[in-house]
1. Could you tell me the relative contact order of the chain? Use alpha-carbon pairs under 8 Å, at least six residues apart, and round to a whole percent.
2. Rounded to two decimals, what ratio of Rg to Rh does the chain give with C-alpha atoms and a Kirkwood Rh?
3. For labels at E44 and D67 in the simple 7 Å Cα→Cβ model, what's the distance in nm?
4. For labels at T4 and V27 in the simple 7 Å Cα→Cβ model, what's the distance in nm?
Amino acid sequence: MINTNDVQQTLINNMIALRKSNGLTQVELGEKINYSDKTVSKWEKGDSCPNIEAICRIANFYGITVDELLTEDVTADVSI
């Protein structure tokens with residue numbers, strides 16, 4: 001059974017790791033995927049969760065699958 005908290009924490013960890021490993025600020029990432037830096041900040045703090053459209057945009061931006069973004073430790077192996 002999938003634990004939603006684990007998936008959310010993996011998503012948060014991956015979003016932060018991918019953004020930082022690519023040298024992006026929250027402002028820069030937000031601009032690239034058409035969301036505000038405040039929204040990106042809320043996602044990374046776990047205050048809110050990106051919807052499926054946003055998750056797809058993030059995965060596409062980094063050239064990974066949604067599955068990878070949600071379930072794997074993608075850390076610094078991915079660069080844009």
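Here, each number is a calculation from the coordinates, and none is a lab measurement. All of these numbers come straight from a predicted model, not from anything done at the bench. Glycine also receives a Cβ, built like all others from the backbone with ideal geometry; neighbour counts cover every protein chain displayed.
1. Details: 81 pairs, mean separation 33.1, N = 80.
That works out to 41 percent.
2. The Rg/Rh ratio comes out at 0.92.
3. 2.8 nm
4. Using points 7 Å along Cα→Cβ, the separation is 3.5 nm.
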